[in-house]
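Notes follow once the structure below has been shown.
The values are calculated or read from the model by the stated rules, or taken from the named source; none is laboratory data. Fair warning: this is a prediction, and the values are worked out from it, not measured in the lab. FYI the Cβ positions are ideal-geometry reconstructions off the backbone, even for glycines, and counts take in every protein chain you see.
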Amino acid sequence: MRVLTITHQDDAGPGVFAEVPGAELTSWRADRDATPVLDDVDAALVLGAAANVHDTEGNPWMAEEIRVVAELLAHGVPTLGVCLGAQLLAKAAGGSVERAATPEIGWYEVALEEAALHDPVVGPLPQRFESFQWHSYVAAPPAGTEVLARSAHCLQAFRLAEAPAWGIQFHAEVSAADAASWIRHYDHDADAVAMGVDPVALQGESKRRMVGWNELGRQLFSRFLAHSRQ
């Protein structure tokens, strides 16, 4: 099974999703590689980045990536978007992306909505769980989208109505090494600085939680792959 994996920076790759057997992850660096051929793509994974959808001038590749994601959706390719990837998914489907009223950086509780009950990918998650987050923007998907989970601040998971496509705001994919890199360089993010992120405390909490969090992520991606094969 060939999974097109759309990445944007070196420390924001597929993480523990790459540990799940049964899929060949083929990487496309949207910010520097030629547009991939989509003919033999079985599923797609759209990952995160420090960039945001509105900064098209600073990221001229963004418009082409949105076009590619829209093409994947139009052809019914099962797609999972994570953080920025979820926002790109919403945008490509005709929704929008908004500046978050409250950025989430660190560990935040997520609660499933009733619509998640029968969802094959998000539904088996715990009713409430602590999640690793790092975002200042949020997806506003189009009307008809199934809202699957929320935090106290924003939409956290959704499934598009017209395509086998899911967006998750939380970083279910993040490896311990990538999380450590983000925290170590937290001062590159103005919102993290403004929030007063304590990198030592966040590294400690992440180290305690990461084993369980990574297992949750592997299971979620495994369910996505299983559903994509149907």
Step by step: first the residues of the range 131-176, then only those that are of a type in the set (Gly, Ala, Ser) and free of Cβ contacts under 8 Å to residues at least 40 places away in the same chain, then the one that is surrounded by the fewest Cβ atoms within 10 Å (Cβ to Cβ). Which residue is that? Ala143
I need the full set of residues from the range 164-178 which are over 26 Å from Gln203 (Cβ atoms) and in contact with a Pro (Cβ under 8 Å, 6 or more places away or on another chain), in order please. Pro164, Ala165, Gly167
Within the range 95-115, work out how many residues are of a type in the set (Asp, Glu), farther than 16 Å from Ala139 by Cβ and part of a strand (DSSP E or B). 1
Can you confirm whether the range 168-176 contains a residue that is modelled with pLDDT of 95 or more, within 17 Å of the chain's Cα centre (by Cα), outside any loop (DSSP other than H, G, I, E, B) and within 24 Å of Thr7 (Cα to Cα)? yes
Unmet criterion (only one of (1) part of a loop (DSSP other than H, G, I, E, B); (2) among the polar types (S, T, N, Q); (3) more than 20 Å from Pro142 (Cα to Cα)) for Ser27: (1)
Do the conditions hold for Leu4, that is, is it modelled with pLDDT of 95 or more, closer than 22 Å to Ala165 by Cα and aliphatic (A, V, I, L, M)? yes
Looking at (1) part of a loop (DSSP other than H, G, I, E, B); (2) in contact (Cβ under 8 Å) with a residue 40 or more places away in the chain; (3) closer than 19 Å to Glu162 by Cα; (4) not aromatic (Phe, Trp, Tyr), which is the one condition that is false for Leu73? (1)
Against the definition (of a type outside the set (Asp, Glu), in contact with a strand residue (DSSP E or B) (Cβ under 7 Å, 6 or more places away or on another chain), part of a loop (DSSP other than H, G, I, E, B) and modelled with pLDDT under 90), how does Asn59 come out, yes or no? no
Of all residues in the range 189-230, which are modelled with pLDDT of 95 or more and either outside any helix (DSSP H, G or I) or β-branched (Val, Ile, Thr) (or both)? Asp189, Val193, Gly196, Val197, Asp198, Val200, Val211
Of everything in the range 177-188 that's without any contact (Cβ under 8 Å) to a residue 60 or more places away in the chain and over 19 Å from Arg218 (Cβ atoms), which residue is surrounded by the most Cβ atoms within 10 Å (Cβ to Cβ)? Ile183
Looking only at the range 41-48, decide whether some residue is assigned to a loop (DSSP other than H, G, I, E, B), within 15 Å of the chain's Cα centre (by Cα), closer than 21 Å to Ala177 by Cβ and not small (Gly, Ala, Ser). yes
So which residues in the range 1-12 are within 20 Å of Leu72 (Cα to Cα), in a loop (DSSP other than H, G, I, E, B) and under 19 Å from the mean Cα position of the chain (by Cα)? His8
Can you tell me which residue is surrounded by the fewest Cβ atoms within 10 Å (Cβ to Cβ) among those in the range 21-75 that are among the hydrophobic types (A, V, I, L, M, F, W, C) and touching a Lys or Arg at 6+ places or on another chain (Cβ under 7 Å)? Ile66
Checked Asp187, Asp178 against criteria (in contact with a His (Cβ under 9 Å, 6 or more places away or on another chain) and of a type outside the set (Ser, Thr, Tyr)); the one match is Asp178
What residue, of Tyr137, Tyr186, is over 24 Å from Val69 (Cβ atoms) and either modelled with pLDDT of 95 or more or acidic (Asp, Glu) (or both)? Tyr186
